[in-house]
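Here the structure is laid out as structure tokens; the discussion comes afterwards.
None of the figures in this text is laboratory data; all of them are computed from the coordinates on show. The structure displayed is predicted, hence computed values, not measured ones. Quick reminder, even Gly has a Cβ in these numbers, built from the backbone with ideal geometry, and neighbours come from all protein chains shown.
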Amino acid sequence: MKQHMSEELLIRYLLGEGSPDEIFEVEAWAASHSANAKKLDEISRILETSKRLAQFSPVDEREAWVRFKSKRGPVLNQPVELLPEQVYSKWFSIAAAVLLLIGAGTLTYLFSRKSGSSVDWVTLRADNQVRVDTLPDGSIVHINKKSTIAYPGNFTSKREVKLTGEAFFNVKHDDAVPFTVQVEDVSVRDIGTTFNIKNRGHHIEVIVGSGIVKVIKNEATVQLSAQQMVSINMGDKGLKVQRNSNELYNYYTSNNFSANKTPLWRLVDVLNEAYGADIKIENEALRNTPITVNIRLQDSLENILNVIGLTTPHMQVQKSGGTYIIK
């Protein structure tokens, strides 16, 4: 794990502008050391403060940006090094002072420069906890951990959301203004319904809980109804509608793992993601074993694995270091 990370990359990450590879790189860097995570949190707080204060700033956006670069230009693109925490605290104090000196408009440019538009974009990010927010049109969104959404300031007249990671949407009905979520080169369009979108490692999954949505990728288009899903990999040209028989996808909104004849490998994938765990299926013959369980998210991982083990004769779960092995 490298110990250097440019501030420009960290800012792009916090604004939801990073590529999937960059997102992975920053999150791995932050997870590698508590000082890195603290550094990322400090920059995040500066950005959030700048955004709030920018509403009242008399400074022209471009002028503020030029002033900011002139004061921090020599160090803006220098790599962030893994340093003792007291050094980070000193950096944060200096950065906060620079923020106040330049004025509230310092980083407004970064928030308004997306798509070359003068329209401000609002960014909502969930770090280590699921975040629930109500959008300006009354729609409700659950943002899973380590995920980001962004929407324009004129959202009620143009309901467009950009997503990185995973989120569950409960969309308020409005025939006149369709609701669109953009994930890489895939668009999900809806009028009023509930659906989940997950984007990890260039793999996109759309599952509809109720209502109807339209999924568009390049020239391909499919329509999904309740309990249907589509799974998309990079390079796919066609879209195939599949049946979704369980509600595992919304574990982070319901706080419950509900598996209904779900293949073991699928349940293991969800548990690894939810708990940041390392669970491996050593016996390949067990991968597609159907599992039916209903488990609370607040239960310990060991208890959950014990319950899963009891559903299938001869299945054993062993722990080796930080890894759980199903055999």
If the label point is 7 Å along Cα→Cβ of residue 245, which residues in region 271-315 have backbone nitrogen under 16 Å from it? 287-294
Given a Förster distance of 41 Å, report the FRET efficiency between residue 225 and residue 45 from their Cβ-Cβ distance, rounded to the nearest 0.05. 0.45
Footprinting proxy, 121, 265: sorted fewest to most Cβ within 10 Å, the residues are 265, 121
Can you compute the modelled spin-label distance between residue 212 and residue 174, with each label point 7 Å from Cα toward Cβ, in nm? 2.1
Please list, in chain and number order, the residues 5+ apart from residue 161 or on another chain whose amide H is under 5 Å from its amide H, with Hs placed from the backbone. 180, 181, 182
Length added when fully stretched, residue 314-residue 28, from 0.36 nm per residue minus Cα-Cα: 99.3 nm
Beta carbons within 10 angstrom, averaged per residue: use that to sort the peptides 216-226, 162-172, highest first. 162-172, 216-226
Neighbour-count order for 234, 229, fewest beta carbons within 10 angstrom listed first: 234, 229
How much FRET efficiency would the formula 1/(1 + (r/R0)^6) give for residue 256 and residue 133, where r is the Cβ-Cβ distance and R0 is 22 Å, rounded to 0.05? 0.55
Two-site label geometry, residue 303 and residue 185: point separation in nm, points 7 Å out along Cα→Cβ: 4.6
Which listed pairs, of 198/319; 38/217; 158/214; 198/240, have C-alpha distances above 26 Å, in listed order: 198/319; 38/217
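How do 206, 270 line up, fewest other C-beta atoms within 10 Å first?
By the 10 Å Cβ count, ascending: 270, 206.
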